[in-house]
Every structure is written in C-alpha cells, then in structure tokens.
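All of the numbers you see were taken from the coordinates with simple rules; none came from a lab. What you are looking at is a predicted structure, and each value in this text was computed from that prediction instead of being measured. Virtual Cβ from ideal backbone geometry, glycine too; neighbours counted across all protein chains shown.
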Amino acid sequence: MVNWKKVFTITFSVIIGIYLVLAVTAFNNPIERDLVCNNVQVSIEGTVGGGFLTADDVRRTLTEQQLNPVGKCLADVNLRDIEERLEAQELIDEAECYKTQGGSVSIRIRERVPVMRVMANGQDYYVDRDGKALRNTGYVCNLVVATGSISTDYATRVLAPIGRIIMTDDFWRNQIEQVNVLPDSTIEMVPRVGEHIIYIGQPVGVTRKLERLRKFYRYGLSQAGWNKYSRISVEFNNQIVCKRR
C-alpha cells in the first residue's frame, strides 16, 4: 500500500530543495553576469621592517601574466587561476582571492618575509622567516647582513631564527647591522652604535644573551660610554666579559 504521507513529504522536500538552489543561483548569477571588475584590491600581510612586495608589484604581475581582471565580467574571472599563478612567484608564499558585490577582486597576499641577507662564499641571497633561502631579487630591503663561514644549511637552520629575533625587536633591528660567522661556527655581531664587537659564541640561547646585553647597554654603557670597550662577550651565562679599548 502506498504511503501517501511519506510520498508527499519527500516530494515537498525535493521541491523546496530545488527552489532553494534556484533562488541562490538567481541571487548570485546576476552579480557576476552583470558586473564588470572595476578594481583589484591588494592587501599584503604586515611585515616587521618591511618586505619586498608592494600592491603595485602584485598588480603588475597580474598584467604580465594576462590575468588582470579589471574590465572583465566577474563571471569570467577565474580566482583559482589567479591564486595559483601568484603562488608560483618566488616572493609570494600564499594568495587568497575573492570577488566582492561592488565589482572588485580582492587579493590577500602572505609574503615570504626576508629576515637576513647572506653575503658569503661568493653568494648573495636572503633567508626568510620560515628558514628558506630566497635568491637576491634586486629589491632593496633594510636587513642585517651575514658574512663569514656560512653554508646554505647553516644560514637556513641557524641564521634564520637569529634573523627573526633581531627583526621582531625594534631595538635590535636598529642596533645590529652585521652578523659574522667565524670558522668555528661561533657568532659575533657588529652594532650601528658603539665601536665594539659583540661576541655571542655558539648560536644557542641567543634571546637570553641579547637580553643580558640589552641590560648592560642600559645600565653599563650608558654610564661608562659606548666607545669604552672594543669587545663585549655574552658567551657565558650570568656574566659579561669586556675588553677595554
């Protein structure tokens, strides 16, 4: 025996489902079909110390790749294609695109952020905040320069974390201008202010060592004078060893 109540319920549900699909389609399609893209909004994830990319760089890349959506119907704009092409660029880590009802295409960029420039063994490249090597692109960026006995592995594994420490601290970002790696893999730093060399020693506990040095700057050198010593060592815990000029 046919259960008419059940048949009616199923039929009603199917009709409602079809109606909702058509309603959503009718709501969305006119937006993309009738609107022409009038603008590309680009936002780049904030970087400490400044990165390489600008919004104009991203728009220029879209034009070069023949993907600039301005002047095209929104319905014809392939967001996934834009994302994939942008993410193929060396300076871009991640791209997210979406359309707006105002007729714009909005692009959010996560940039590969350099934290140190390495100039050693005839090479010139950057390391980013994720510990990856990034070739010198010709862009200008105010970064600490690393010199000395540096392999690519040492740069990405050791110097990248040190670069992050320096670049995320306003004081050290303005104070440290060079990191030099000695043949035994220990590290010394060259400051912008003060005619002394900072000896870090082995690259472990760098945050603690720099914090100890910060206190010495504040309570020691501020009284004795910034040029009194030629070398300041924070290699060992709980002590600072200074060599007079």
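Overview of results
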{"quantity": "Gyration tensor over alpha-carbon atoms, segment 158-198, equivalent ellipsoid semi-axes in Å", "calculated": "17, 15, 5"}
{"quantity": "Highest average packing first - 162-168, 174-180, Cβ atoms within 10 Å", "calculated": "162-168, 174-180"}
{"quantity": "Gap separating the Cα centres of segment 105-172 and segment 176-204, nearest whole Å", "calculated": "16 Å"}
{"quantity": "Fraction of beta bridges assigned by DSSP in segment 79-199 that are antiparallel (%, nearest 5)", "calculated": "80 percent"}
{"quantity": "Quarter of the Cα convex hull surface for segment 192-245, i.e. its orientation-mean projected area (nm²)", "calculated": "3.5 nm²"}
{"quantity": "Relative pair counts by distance (%), Cα atoms of segment 89-245, 5 Å bins", "calculated": "2, 8, 17, 19, 17, 11, 9, 6, 4, 3, 2, 1, 1, 0"}
{"quantity": "Antiparallel content of DSSP bridges confined to segment 133-215, in %, to 5", "calculated": "65 percent"}
